[in-house]
Amino acid sequence: MAILKILHYPDKRLHTVAQPVSSVTPEIKKLVQDMAETMYAAPGIGLAATQVDVHQQVIVLDLSTTQDQLQVFINPKITASSGQSECEEGCLSVPGVYETVRRAERVTVQALNLAGEPFTLEAEGMLATCVQHEIDHLKGRVFVEYLSALKQTRLQAKIKKQLRRIM
Ligand code: K1U
Ligand code: ZN
């Protein structure tokens, strides 16, 4: 297994739209293993392939405190959503930034598992938030793009300042 490099906002590659996986090959299984290791090491509770510069529709999640309940979604699609909820979100591609985002409260997700079999998940609460956040990554969208123009401008300034400091 390997720990992969996570792209940091505002890297343009985070805006790439991921392609569907045509077959769950040994390469895709290796990618899932590496993504899981990368997510656990970060640490995080989710990771989309886009964040490690692989533009295929693959997501891993683990919301447990014991890091032993890995959920894998290949070609995930939200087929139904209802309600609204606000939750504070973080992102491994935007370190140190936590902001409240409004999303659907409940979602139905269809995807393939690691065996290439279709499954349906009914999610609510943190799981629903996380799966929507990760599917956004596959569409090339980063959570900070939901923030007000003022907050986005302040964030860009903060990132520029941090970059100047390390360069
Ligand atoms: O997509 C990502 O960058 C992962 C992100 C997932 C996420 C968190 C919160 C709301 C929506 C989506 C993270 O994992 S950020 C880190 C984090 O939340 C966390 C880290 C360690 C323990 C518990 C949470
Ligand atoms: Zn993220």
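The values are calculated or read from the model by the stated rules, or taken from the named source; none is laboratory data. Since the structure is predicted, the reported quantities are computational estimates derived from the model, not experimental observations. Cβ: placed from backbone, ideal geometry, glycine included. Neighbour counts: every protein chain shown. Ligands, DNA and RNA are stripped out before the accessible areas are found, and what is left, the full protein with its side chains, is counted by its heavy atoms. Shrake-Rupley method; radii C 1.70, N 1.55, O 1.52, S 1.80 Å.
Per-structure values
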item	result
For segment 26-78, projected area of the alpha-carbon convex hull averaged over all directions, nm²	3.7 nm²
Calculated Rg and Dmax of segment 29-166 using C-alpha coordinates, Å	15.3, 48
Top of 97, 131, 32 by mean-square fluctuation, Gaussian network on the chain, Cα under 10 Å	97
Relative contact order (%) - segment 6-59, alpha-carbon pairs under 8 angstrom, separation at least six	48 percent
Solvent-accessible area per residue for the chain (1.4 angstrom probe, square angstrom)	55 Å²
Relative contact order [Cα under 8 Å, 6+ residues apart], segment 89-167, whole percent	21 percent
The chain, relative contact order [Cα under 8 Å, separation at least 6], %	22 percent
Kirkwood Rh in Å, taken over segment 44-109 so that all alpha-carbon pairs contribute	13.5 Å
Sequence ranges 44-51, 20-27, 8-15, ranked by mean other-Cβ count within 10 angstrom, highest first	44-51, 8-15, 20-27
Portion, in percent, of the accessible area of segment 85-148 that falls on carbon or sulfur, probe 1.4 Å	47 percent
When the convex hull of its Cα atoms is projected in every direction, mean area for segment 93-148 (nm²)	4.7 nm²
In Hz, Karplus ³J(HN,Hα) per residue of segment 73-89 (6.51, -1.76, 1.60; θ = phi - 60°; x = Gly, Pro)	10, 10, 6, x, 9, 7, 9, 7, 8, 8, x, 9, 8, 10, 9, 6, 10
